[in-house]
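**Q** Take a look at this one; I'll ask things after.
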Amino acid sequence: MRILFLGDVVGRSGRDAVVAGLPGLKSALKADLVVVNGENASHGFGLAPDMARAILAAGADVITLGNHAWDRKEIIPFLEQEPRVIRPANFPPGTPGRGAAVVEVPGNRRALVVNVMGRLFMDALDDPFRAVQAEIQKHRLGAGGTIQASLVDVHAEASSEKSAFGHSFDGLVSLVVGTHTHTPTADHQVLPGGTAYMTDAGMCGDYDSVIGMQKGGAALRFWRKMPGERLAPAEGPATLCGVWVETDDATGLATRIEPVRQGGRLSQALPVV
Ligand SMILES: [Fe+2]
Ligand SMILES: [Fe+2]
């Protein structure tokens with residue numbers, strides 16, 4: 001199975017790039033499964049339902065979220081109706097929405113997508129490691145199993161926590177990919193047990209910015225320790241950032257992982273498929 005994962009979509013710039021670019025990228029990369037983190041799609045904060053619909057219509061099979069999951073209140077009833085949009089699984093019991101999705105993939109295959117949030121330098125939530133363990137234990141990975149691929153979006157600040165996630169689930173899931181820092185890392189690899197891993201996918205947004213937000217106001221917050229005006233997303237052309245993974249349906253494990261960076265200011269990277 002070929003999986004395309006795109007990192008946090010930030011504001012109009014990121015949204016427009018995903019809506020315009022994802023259909024072509026999906027076909028060029030022959031992606032069977034597309035997952036997009038949408039937590040910053042609405043003006044940098046949260047995901048409004050119409051924007052979720054636009055990202056799904058562009059070719060995403062599942063949208064994941066993060067610490068900005070609840071910034072747009074309209075998402076709460078929407079999450080109850082739309083199983084393809086998920087929020088971190090380690091919110092306390094009773095939280096609206098779901099933390100995992102199983103989707104049909106062409107070729108009579110199924111894939112599991114799980115979203116969790118880290119706990120280091122972030123709001124305290126339930127244990128994300130045990131949350132992922134509980135989700136994957138509901139399924140059997142590989143040929144003849146209930147799913148042929150599985151992907152975990154670990155939305156976390158600390159690279160150490162994300163690395164620990166990758167190694168903890170090495171050999172048990174197809175891909176562990178980090179989000180939230182909006183900065184792509186260069187450590188994409190297939191771990192020894194066969195799990196594809198990348199500490200952070202980066203964002204789909206304008207990189208002439210401070211992690212997607214207009215640079216002047218964002219920088220000023222570091223110079224003066226007082227709240228300034230509300231941050232707004234940068235509006236220049238976005239780079240679509242993410243990762244592409246090929247898995248073996250027999251095992252559900254990864255055979256190849258490549259970075260994806262298309263458009264905007266970052267150096268370009270597209271796997272040859
Ligand atoms: Fe984000
Ligand atoms: Fe985040």
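The values are calculated or read from the model by the stated rules, or taken from the named source; none is laboratory data. Since this is a predicted model, take the numbers as computed values, not measurements. Glycine gets a Cβ as well: all are built from the backbone with ideal geometry, and neighbour counts include every protein chain shown.
**Q** Checking the condition under 19 Å from V154 (Cβ atoms) and buried (at least 19 other Cβ atoms within 10 Å of the Cβ), which residue from L29, L120, L79, L112 passes?
**A** Sole residue among the options that is under 19 Å from V154 (Cβ atoms) and buried (at least 19 other Cβ atoms within 10 Å of the Cβ): L112.
**Q** Can you confirm whether the stretch 143-153 contains a residue that is touching a strand residue (DSSP E or B) at 6+ places or on another chain (Cβ under 8 Å), of a type in the set (A, V, I, L, M) and under 30 Å from R12 (Cα atoms)?
**A** Yes, there is a match, as at least one residue in the stretch 143-153 is touching a strand residue (DSSP E or B) at 6+ places or on another chain (Cβ under 8 Å), of a type in the set (A, V, I, L, M) and under 30 Å from R12 (Cα atoms).
**Q** Among the listed residues E74, E39, which satisfies the condition of being at pLDDT 95 or above, away from ligand 2 (no atom under 14 Å from the Cβ) and of a type in the set (D, E)?
**A** E74
**Q** Out of all the residues in the stretch 27-44, which are within 16 Å of ligand 1 (Cβ to nearest atom), under 13 Å from the mean Cα position of the chain (by Cα) and farther than 13 Å from V85 by Cβ?
**A** Matches in the stretch 27-44: N40 only.
**Q** Let me ask something additional. Before we move on, is L47 farther than 24 Å from A20 by Cα and over 13 Å from the mean Cα position of the chain (by Cα)?
**A** No.
**Q** Looking for something within 16 Å of ligand 2 (Cβ to nearest atom) and at pLDDT 95 or above - is there at least one such residue anywhere in the stretch 129-150?
**A** No - not one qualifying residue is present in the stretch 129-150.
**Q** I need the full set of residues from the stretch 1-26 which are assigned to a loop (DSSP other than H, G, I, E, B) and either away from ligand 2 (no atom under 16 Å from the Cβ) or surrounded by fewer than 24 Cβ atoms within 10 Å (Cβ to Cβ) (or both), in order please.
**A** M1
**Q** Here is a list: H167, H155. Which entry is crowded, with 20+ Cβ neighbours inside 10 Å and at pLDDT 95 or above?
**A** H155
**Q** Another question, if that's okay. Hey, can you tell me all the residues within the stretch 209-232 that are surrounded by fewer than 13 Cβ atoms within 10 Å (Cβ to Cβ) and charged (D, E, K, R)?
**A** Residues satisfying the conditions are R224, K225, E229, R230.
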